[in-house]
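Single-structure report; data block below.
The values are calculated or read from the model by the stated rules, or taken from the named source; none is laboratory data. What you see is a predicted model; the values in this text were computed from it and never measured. Here Cβ is always computed from backbone atoms with ideal geometry, including for glycine, and neighbour counts include all displayed protein chains.
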Amino acid sequence: SQQGEEDPQALSIQEGENATMNCSYKTSINNLQWYRQNSGRGLVHLILIRSNEREKHSGRLRVTLDTSKKSSSLLITASRAADTASYFCATDYLWGNNRLAFGKGNQVVVIP
Amino acid sequence: GAVVSQHPSWVICKSGTSVKIECRSLDFQATTMFWYRQFPKQSLMLMATSNEGSKATYEQGVEKDKFLINHASLTLSTLTVTSAHPEDSSFYICSARDGDIQYFGAGTRLSVL
């Protein structure tokens, strides 16, 4: 089932600004992952945060997870034009047999 | 990270023909692979879980006779769209799990005329 939802769904920012995206989910999870997809391409894995973690960093990415609210956020700092893409959260949910449930996705446009 | 190769990247076919899409894990073995479908500006919809050496597990509403999946080895899964029709036109993406992370192929854009 597709249980993740991101908010907002479209974001347009100037290069150098930060971009924040949110994701909510419905059931208990093992972990939550964020992916990036450039137009017409496959998905690139960005970062994974486990259910017992609250925050994780990777380069210019910062992910938070609030299991009590069943929500996560992805922050991209100092955005670049190359960050223009769609961003999806995906939950590895309990009893999902390793399947991922994807959210609707955020379209981010970084203006040079 | 691990690499998943998907082929072809783009295919055009006539209505009624069958199309086979390959998904390979290049540097790891995958007992389980996944097939997704994506419509323009929408999220990924899981179609089925491909299991090496056994039958695929299809999601509710996905026709198993229309979308044939074969996972003959630990590095290769294939999706065959049988008797394709224009409504089957879509972007198909495969993935394979290595540890906790799913790695995705580049996708196949299918256009049925």
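Before moving on, here are some points about what is shown:
- Region B:3-23, residues that are within 13 Å of another protein chain (Cβ to nearest Cβ) and modelled with pLDDT of 95 or more: B:V4, B:S5, B:Q6, B:H7, B:S9, B:W10, B:I21, B:C23
- Search result, residues across region A:65-93 that are within 13 Å of the chain's Cα centre (by Cα) and of a type in the set (S, T, Y): A:S71, A:S72, A:S73, A:S86, A:Y87, A:T91
- Looking only at region B:41-63, residues that are more than 17 Å from A:G96 (Cα to Cα) and touching a Phe, Trp or Tyr at 6+ places or on another chain (Cβ under 8 Å) come to 1 in all.
- Qualifying residue in region B:55-73 (condition: within 14 Å of chain A (Cβ to nearest Cβ), within 23 Å of A:R36 (Cβ to Cβ) and modelled with pLDDT of 95 or more): no
- Scanning region B:24-50 for residues that are within 11 Å of chain A (Cβ to nearest Cβ), under 18 Å from B:G99 (Cβ atoms), outside any loop (DSSP other than H, G, I, E, B) and of a type outside the set (V, I, T) returns B:M33, B:F34.
- Single unsatisfied condition, B:S95 versus (1) buried (at least 16 other Cβ atoms within 10 Å of the Cβ); (2) over 11 Å from the mean Cα position of the chain (by Cα); (3) of a type outside the set (D, E, K, R); (4) within 13 Å of chain A (Cβ to nearest Cβ): (2)
- Test for A:I29: is it in contact with a Ser or Thr (Cβ under 7 Å, 6 or more places away or on another chain), surrounded by fewer than 22 Cβ atoms within 10 Å (Cβ to Cβ) and either more than 27 Å from B:N51 (Cα to Cα) or not aromatic (F, W, Y) (or both): no
- Residue pairs whose Cβ atoms lie under 8 Å apart, sitting 6 or more positions apart in sequence or on different chains, and linking a residue in region B:38-63 that is touching a residue at least 60 places away in the same chain (Cβ under 8 Å) to a partner that is crowded, with 16+ Cβ neighbours inside 10 Å and among the small types (G, A, S), are B:Q38/B:S90; B:Q38/B:G107.
- Checking each residue in region B:57-105 for being under 27 Å from B:G1 (Cα atoms) and of a type in the set (A, V, I, L, M) picks out B:I69, B:A72, B:L74, B:L76, B:L79, B:I93, B:A96, B:I101.
- In region B:51-92, the residues that are surrounded by 14 or more Cβ atoms within 10 Å (Cβ to Cβ), part of a loop (DSSP other than H, G, I, E, B) and not charged (D, E, K, R): B:A56, B:V62, B:L74, B:T75, B:T82, B:A84, B:S89
- Strands (runs of 3 or more DSSP E) enclosed by region A:7-112 - at least 2 residues per element that are away from chain B (no Cβ under 14 Å), within 27 Å of B:F39 (Cα to Cα) and among the polar types (S, T, N, Q): A:19-24, A:71-76
- Among the numbered conditions (1) assigned to a strand (DSSP E or B); (2) under 25 Å from A:Y93 (Cα atoms), the only one that B:S111 does not meet is (2).
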